[in-house]
Amino acid sequence: MQHPLSLLKSLQHMLAAIYDVPLALDITHFLITEREQLPAAHRAACADEQVLVAHDEEGLRVGVFLDGAMLDRLAQANPFSALSGDNIGDYWTALEGVSHFHYLAWNAGHGRPVTLHELELQAEIDKYVSSLWLLRRQHPHRFPTELHPLLFERFRLHADLTPERRRLYFAANDHAARFCRRIARQLTSSLSTSRVETLAELRRFYRLGHHRKLRHIESVRAPRP
């Protein structure tokens, strides 16, 4: 069993390696695992993952809430040993928190603002890419074609979300689905250069601003398989 904090560090290191975006900040130093420790306005939310962002005279302040019970479950069913239908829900929840933190911190370090849509878009892509990364390593002779529909077609939103937030999440999911469909098609290509080119594209995309990300997705829209 891997310790929950060690697991979060491994998730952060994985994203840093995939996108070549090392970060000096450690997510575990910003972690909240008890709902009672959240500000009152955030305590009632039923989500197991929340990222809190505030600006004050000292600059940007970030906190990452990941439910302690969820982290304990994930540590007992370590996704780095075996990612499966039994732990992928908790894996995506934890990965989303890590993705939000890493993307916010990396962009803040480069003096770049981040929109909520951009944050959610990158997190959905990170879920797909990191899951693909693990599953291909664990099952090198099999491409997980079920991963794309599982993530992008069978997702459910919390019922207490406002209509505006629901529209935002649906839009982010749709844009991420288009981009990841292209990634899947490239990686199932017979060309020997496909993996290297895909990794390069992922790293370029991570560094694009919000509007350039959307233009890139529109320009490379792939047909459904």
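None of the figures in this text is laboratory data; all of them are computed from the coordinates on show. Remember, it's a predicted structure, so these values are computed and weren't measured experimentally. Positions of Cβ are generated from backbone atoms using ideal geometry, with glycine treated the same way; all protein chains shown enter the neighbour counts.
What value, in deg cm²/dmol to 500, does the helix sum -39500 (n - 2.57) over DSSP H runs of n ≥ 4 give at 222 nm once divided by the residues of the chain?
The helix contribution divided over the chain gives -18500 deg cm²/dmol.
Percent relative contact order of the stretch 4-219, based on C-alpha pairs within less than 8 angstrom and at least six residues apart?
Across the stretch 4-219, relative contact order equals 19 percent.
Can you give the extra length, in nm with one decimal, that the chain gains between Leu116 and Asp174 once fully stretched, where that is 0.36 nm per residue apart less the Cα-Cα distance?
19.4 nm
At 0.36 nm per residue, minus the direct Cα-Cα distance, what do Leu199 and Ala24 gain on full extension? Give it in nm, one decimal, please.
Working it through step by step, the gained length comes to 60.8 nm.
Assuming R0 = 30 Å, what is the FRET efficiency of Leu208 and Arg156, from their Cβ-Cβ distance, to the nearest 0.05?
It comes out at approximately 0.55.
What angle, in degrees between 0 and 90 and rounded to the nearest 10, separates the Cα long axis of helix 88-109 from the longest principal axis of the Cα atoms of the chain?
The angle comes out at about 80 degrees.
Enumerate the amide H contacts of Ile32 below 5 Å, restricted to partners 5 or more residues apart or on another chain; note that Pro and chain-start residues carry no placed amide H.
Val64, Phe65, Leu66
Return the sequence-ordered ³J(HN,Hα) values of the stretch 131-147 in whole Hz as given by the Karplus equation 6.51 cos²θ - 1.76 cosθ + 1.60 applied to θ = phi - 60°, using x for Gly and Pro.
5, 4, 4, 5, 5, 5, 6, 7, 9, x, 9, 9, 9, x, 5, 6, 5
Averaged across orientations, what area in nm² does the convex hull of the alpha carbons in the stretch 4-219 project?
12.4 nm²
Just going by the charge dipole of the chain, with Lys and Arg at +1 and Asp and Glu at -1 on Cβ, which of Thr162, Phe80, Leu66 is farthest out on the positive end?
The residue sitting most towards the positive pole is Phe80.
Could you work out the pair-distance distribution P(r) of the stretch 119-219 from its alpha-carbon pairs, with 5 angstrom bin width and percents rounded to whole numbers?
Answer for the stretch 119-219: a P(r) of 2, 11, 22, 24, 19, 12, 6, 3, 1, 0 percent.
Taking the Cα centre of the chain as the origin, how large is its charge dipole in debye, to the nearest 20, when only Lys and Arg (+1) and Asp and Glu (-1) carry charge on their Cβ atoms?
Using only the charged Cβ atoms, the result is roughly 1180 debye.
Positive end of the dipole of the stretch 4-219, charges at C-beta (+1 Lys, Arg; -1 Asp, Glu), about the Cα centre: which of Leu132, His110, Ala94 has its Cα farthest in that direction?
Leu132
If R0 is 30 Å, what FRET efficiency do you get for Glu164 and Glu34 from their C-beta distance, rounded to 0.05?
Calculated transfer efficiency: 0.55.
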